[in-house]
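Chemist: Supplied in structure tokens, the structure appears directly below.
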Amino acid sequence: MKLKFQKDAIVNGINIVMKAVPSKTTMSILECILIDASGSEIKLTGNDMELGIETKVEGEILEHGKIALDAKLFSEITRRLSSQNATVTIESDEKFNTVLSCENSVFHIQGRDGEEFAYLPYIERDKYICLSQFTLKEVIQQTIFSISPNDSNKMMAGELFEVNENQLKVVSLDGHRISIRNVRLKDHYDNTKVIVPGKTLSEVSKILGGDNEKDVLIYFSSNHILFEFDSTIVVSRLIEGEYFRINQMLSSDYETKVSVNKKEFLDCIERATILIRENDKKPLIINIGDDNMQLKLNSSFGSMNADLMIRKTGKDIMIGFNPKFLIDALRVIDDEDINIYMMNPKSPCFIKDDEANYIYLILPVNFNAASV
């Protein structure tokens, strides 16, 4: 095999597929990146058996072939080669002895037979949806923070993708909060419901360019999901099982509705968290009156009090929250003003827009009113 690339092209391709190379595995071949130039295109593949990524790289095929190279070594060498526009040549013999050369640098490394590499599973491409790269990237970023990757309940480590004709609903939860995004699709599709690992969505989000003019095709099978965009495909196993019955947790009832400027509210909470250290679980107390919201936080480092102008309908209420949960939701909402719906100090609050494009449910925390 003999190939030639522009340095930035091969480095970019390696960076994409490295996201699927496991850091620890009992199958040493999976610590490699597959270079497949047996056909008319050059493809790089990484695969940890749960998540697989394949991307096409522009280059010149001087001799066809296929080889697996140690991912870490391959990445380090190519990244440290000369300037971006330099030409990188990769050449290997029948014993998989490999030479990487670029200008004055020549590396000799031992490759492995590409036929040993675990290929990505074949996915039927009949059940799918299409949406823009921008929309998918945004939806992931607006929900991924409320999964619970280390939880013993595997459902909380994934996100629900539910397609209903021309609607896509994406849901994540971690036991303390729920994030929901509803997206209108360009066409009508077959109804489907799958649970996608959070790790997969996180990696897809990092690779996506976020272009509103470019689409992503998402294919569904019984056990896998496939994302196809630009020159890349990402294949992942799905999480098996029945997702939580979210609709039972949602309510349109409220005793208090507050409208507040999102940026002012967020800035105020972020200032309060200066007084909190990482393991310090101090609640943010919110006391809502007629046209005023008081925010209070006490910690061993000091206290903060702040007042915000609001528009309120319904009853006065004093309620406590983990400030981080509010910050996570507010940071991903684009609206200038937000609506917060509350029932009582022990029931969850809802932050949502009128069209239900986004819904964030956050459970309150108990606090001693006497200490406020």
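Chemist: Checking the cross-link filter: which lysines have an alpha carbon closer than 20 Å to that of Lys257, excluding same-chain neighbours under 8 positions apart?
Modeler: Result set, ordered by chain and number: Lys296, Lys312, Lys315, Lys346, Lys352.
Chemist: Compute the FRET efficiency between Ile274 and Asn15 as 1/(1 + (r/R0)^6), taking r as their Cβ-Cβ distance and R0 = 56 Å, and round to the nearest 0.05. Walk me through the numbers on the way to the answer.
Modeler: Values: r = 35 Å, r/R0 = 0.63.
Taking R0 as 56 Å, the efficiency between Ile274 and Asn15 is 0.95.
Chemist: Something else now. Work out the FRET efficiency for Glu165 and Asp353 from their Cβ-Cβ distance, taking R0 = 22 Å, and round it to the nearest 0.05. Display every interim value, and only then the final one.
Modeler: On the way: r = 21 Å, r/R0 = 0.97.
It comes to 0.55.
Chemist: With +1 on each Lys and Arg Cβ and -1 on each Asp and Glu Cβ, and nothing else charged, work out how big the dipole of region 1-141 is about its Cα centre, in Debye to the nearest 20.
Modeler: With only Lys, Arg, Asp and Glu charged at Cβ, the dipole is about 380 debye.
Chemist: Nothing charged except the Cβ atoms of Lys and Arg (+1) and of Asp and Glu (-1): what's the magnitude of the dipole of the chain about its Cα centre? Round to the nearest 20 debye. Write out the running numbers ahead of the final one.
Modeler: Working: 43 positive and 56 negative charges, 231 e Å.
Computed about the Cα centre, the dipole is about 1120 debye.
Chemist: Dipole of region 280-372 (Lys/Arg Cβ +1, Asp/Glu Cβ -1, origin at the Cα centre): which of Phe350, Phe301, Ile317 lies farthest to the positive side?
Modeler: Phe301
Chemist: For region 162-174, what does the Karplus curve 6.51 cos²θ - 1.76 cosθ + 1.60, with θ = phi - 60°, yield as ³J(HN,Hα) per residue in whole Hz, taken in order and with x for Gly and Pro?
Modeler: Result, rounded to whole Hz: 10, 9, 9, 6, 9, 10, 10, 10, 10, 10, 9, 7, 9.
Chemist: Mean residue ellipticity at 222 nm from the helices of the chain, using -39,500 (n - 2.57) per DSSP H segment of n ≥ 4 over the full residue count, to the nearest 500 deg cm²/dmol? Let's see the in-between values first.
Modeler: Numbers: 6 runs with 59 residues, N = 372.
Helices in the chain give a 222 nm mean residue ellipticity of -4500 deg cm²/dmol.
Chemist: Hey, another quick one. With the full set of protein chains in place, find how many percent of the accessible area of region 233-372 is carbon and sulfur; take the probe as 1.4 Å. Write down the numbers at each step before the final one.
Modeler: Working: 3430 of 7600 Å².
Exposed carbon and sulfur together represent 45 percent of the surface.
Chemist: List the lysines whose Cα sits under 18 Å from the Cα of Lys193, skipping any in the same chain fewer than 8 residues away.
Modeler: Cα-Cα hits under 18 Å: Lys127, Lys154, Lys169.
Chemist: In nm, to one decimal, how far is the Ser222 label point from the Asp126 one, both placed 7 Å along Cα→Cβ?
Modeler: Roughly 1.3 nm, to one decimal.
Chemist: Ranked by accessible surface with a 1.4 Å probe, highest first, in what order do Met49, Met304, Met342 come?
Modeler: Numbers: Met49 85, Met304 30, Met342 5 Å².
Greatest to least solvent exposure: Met49, Met304, Met342.
Chemist: Cα gyration tensor of region 173-232, axes a ≥ b ≥ c as square roots of the eigenvalues: rounded (a/c below 1.5), prolate (a/b > b/c) or oblate?
Modeler: Details: a/c = 1.41, a/b = 1.25, b/c = 1.13.
It comes out rounded by the Cα gyration axes.
Chemist: A further question on this structure: So if I place +1 on the C-beta of Lys and Arg and -1 on the C-beta of Asp and Glu, and nothing else carries charge, what would the dipole magnitude of region 1-61 be about its Cα centre? I want it in debye, nearest 20. Before the final figure, lay out the partial values.
Modeler: On the way: 7 positive and 9 negative charges, 32 e Å.
I would put it at about 160 debye.
Chemist: Can you give the Kirkwood hydrodynamic radius for region 216-371, in Å, rounded to one decimal and based on Cα pairs? Display every interim value, and only then the final one.
Modeler: Details: mean 1/r = 0.0562 Å⁻¹.
This gives a value of 17.8 Å.
Chemist: Using Stokes-Einstein with the Kirkwood hydrodynamic radius over Cα pairs, what translational diffusion coefficient do you get for region 110-253 at 4 °C and a viscosity of 1.567 mPa s, in µm²/s rounded to a whole number?
Modeler: Values: Rh = 16.0 Å.
The diffusion coefficient I find is 81 µm²/s.
Chemist: Where in region 210-250 does the label zone of Glu41 land, with the point 7 angstrom along Cα→C-beta and an amide N cut-off under 12 Å?
Modeler: Answer for region 210-250: 228-234.
Chemist: With a ≥ b ≥ c taken as the square roots of the eigenvalues of the C-alpha gyration tensor of region 29-179, please select rounded if a/c is under 1.5 and otherwise prolate if a/b is larger than b/c or oblate if it is not? List each step's numbers first, then the result.
Modeler: Numbers: a/c = 2.32, a/b = 2.16, b/c = 1.07.
The shape class here is prolate.
Chemist: Can you give the net charge of the other residues whose Cβ lies under 13 Å from the Cβ of Asp316, counting K and R as +1 and D and E as -1? Display every interim value, and only then the final one.
Modeler: Details: positive: Lys257, Lys312, Lys315; negative: Glu255, Asp290, Asp291.
After counting each charged neighbour, the total is 0.
Chemist: Skip the ligands, DNA and RNA, and give the accessible area per residue of the chain with a 1.4 Å probe, whole Å².
Modeler: Details: 18570 Å² over 372 residues.
Ligands and nucleic acids excluded, the result is 50 Å² per residue.
Chemist: Then there is this: Mind giving me the nanometre distance, one decimal, between the label points for Glu115 and Met27, set 7 Å out from Cα along Cα→Cβ?
Modeler: So the label points at Glu115 and Met27 sit 1.8 nm apart.
Chemist: Specify whether the C-alpha gyration tensor of the chain places it in the rounded, prolate or oblate class, a ≥ b ≥ c being the square roots of the eigenvalues: rounded for a/c under 1.5, otherwise prolate if a/b is larger than b/c and oblate if not.
Modeler: On the way: a/c = 2.72, a/b = 2.08, b/c = 1.31.
The shape class here is prolate.
Chemist: Suppose each label sits 7 Å from its Cα in the direction of the beta carbon; what would the Asp316-Ser101 distance come out to in nanometres?
Modeler: 8.2
Chemist: Among Ile180, Leu120, Thr232, whose Cα projects farthest towards the positive end of the dipole of the chain, with charges put on the beta-carbon of Lys, Arg (+1) and Asp, Glu (-1)?
Modeler: Value computed over the given set: Ile180.
Chemist: For region 282-343, state which chymotrypsin sites (Phe, Trp or Tyr not before Pro) are in a DSSP loop and have at most 15 other beta carbons lying within 10 Å of their beta carbon. Spell out each step's value before the answer.
Modeler: Working: sites: Phe301, Phe321, Phe325, Tyr341; in loops: Phe301.
Filter output for region 282-343: Phe301.
The values are calculated or read from the model by the stated rules, or taken from the named source; none is laboratory data. Quantities reported herein were computed from a predicted structural model and do not represent experimental measurements. Virtual Cβ from ideal backbone geometry, glycine too; neighbours counted across all protein chains shown. To get the accessible areas, we keep the full protein, side chains included, count just its heavy atoms, and leave off ligands, DNA and RNA. Shrake-Rupley method; radii C 1.70, N 1.55, O 1.52, S 1.80 Å.
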